[in-house]
Amino acid sequence: MDPVFRALADPTRRALLDELFALDGQTLVALTARHEMTRIAVAKHLKILEEAGLVVTRRRGREKLHYLNTVPIRQVHDRWVSKYAEAWAAGLADLKRELESPMEKVFEIYIRTTPARLWDAITDPATRQKYHFGASVDSDWTAGSTYRLGHPAAERPLMEGENLEVEPPRKLVQTMRAHWGPEAERAGTSRVTWEIEPVGDSCRLTVIHDQLPQDAPSELYGGWPMILSGLKTWLETGQMLTTPGSLMYQDQR
């Protein structure tokens, strides 16, 4: 976590994160326009944030877009905040989710494992239960097939959709329709892309949740940082996260 704390120590970098918090997916030109700095100086700060995992970039045509990655912030929360002030921090997290623009969300995490083992953890029903709030996934994992995410305490699937692209152990693209509540159900169909890239003895996992309607409730995408943190913890330690939020739905089984 040292790179994360070093990146957050600078007020300019915190301001850039605030800008992405207010409007995700901005270009370097747009971010430079809001600061009395040169484009080169802003680019250097963004590079430090990207190296710390706090910012993720994606190419769209000729533009390079920058996204706030909340996974490292969630990891800081789980290690340093939850055991002291979980209720207070959870309230701030809820506020953050309400304020974020929900059109496209990008999450990135590094996990010390192999691509094959990571793919299995995403697609295996028993393993998925360990980190996805006690829910398991069922599918034959072929392109064009369907999948369902269910929980023992639920009478119907919590989530379902179609597997658009299945390229083990590198990429999985799925549609997503949530059924766990009225607000989530009204949001209709969105898309989730899992991208696995080997990096040394680890993997970089990027989850892109896009095609969300402008008024999509934060519950559709706000759980990803906790899910990915739980996935990392399980693969690296064989243990489940024990923060109150992680156990909330596990206890309902």
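The values are calculated or read from the model by the stated rules, or taken from the named source; none is laboratory data. Just so it is clear, the structure is predicted and the values come from calculations on it, not from any experiment. In this analysis, Cβ positions are derived from the backbone assuming ideal geometry, glycine residues included, and neighbour counts consider all displayed protein chains. Areas reflect the complete protein model, heavy atoms only, side chains present, ligands, DNA and RNA absent. Shrake-Rupley method; radii C 1.70, N 1.55, O 1.52, S 1.80 Å.
Rank L212, S202, F107 by how far each Cα sits towards the positive end of the charge dipole of the chain (+1 on Lys, Arg Cβ; -1 on Asp, Glu Cβ) and give me just the farthest.
S202
For segment 176-232, what class follows from the C-alpha gyration tensor (a ≥ b ≥ c being the square roots of its eigenvalues): rounded when a/c is under 1.5, otherwise prolate if a/b is larger than b/c, else oblate? List each step's numbers first, then the result.
Details: a/c = 3.34, a/b = 2.21, b/c = 1.51.
Prolate shape, in that a/c is at least 1.5 and a/b is the bigger ratio.
For every helix of n ≥ 4 consecutive DSSP H residues, a contribution of -39,500 (n - 2.57) applies; sum these over the chain, divide by its total residues, and give [θ] at 222 nm rounded to the nearest 500 deg cm²/dmol.
Numbers: 11 runs with 101 residues, N = 253.
Rounded to the nearest 500, it is -11500 deg cm²/dmol.
Using unit Cβ charges (K, R positive; D, E negative) and no other charged atoms, how large, in debye to the nearest 20, is the dipole of the chain about its Cα centre?
That gives a dipole near 620 debye.
What are the DSSP H helices in the chain that stretch 15 Å or more along their long axis, judged by alpha-carbon atoms, and whose average Kyte-Doolittle hydropathy comes to at least -1.0? Working shown, then result.
Values: long enough: 11-22 (16 Å, -0.04); 39-51 (18 Å, 0.15); 82-99 (25 Å, -0.32); 224-237 (19 Å, 0.31).
Span-like helices in the chain: 11-22, 39-51, 82-99, 224-237.
Testing the spin-label approximation: label points 7 Å from Cα along Cα→Cβ at D140 and E50. State their distance in nm.
Taking the two extended label points, one gets 4.2 nm.
In the chain, carbon and sulfur make up what percent of the accessible area (probe 1.4 Å)? Intermediate values should be presented prior to the final figure.
Working: 6750 of 12890 Å².
That share works out to 52 percent.
Report relative contact order for the chain in percent, whole number only (criteria: Cα-Cα under 8 Å, sequence separation at least 6).
Working: 449 pairs, mean separation 46.4, N = 253.
Value for the chain: 18 percent.
With a 1.4 Å probe and every protein chain left in place, work out the accessible area per residue of the chain in Å², rounded to a whole number. Before the final figure, lay out the partial values.
Working: 12890 Å² over 253 residues.
Here the per-residue accessible area is 51 Å².
Pull out the extension gain between R112 and E219, defined as 0.36 nm times the separation in residues minus the alpha carbon to alpha carbon distance; nm, one decimal. Could the numbers behind the result be given before it?
Numbers: separation 107, 0.36 × 107 = 38.52 nm, distance 2.82 nm.
Between R112 and E219, full extension yields 35.7 nm more.
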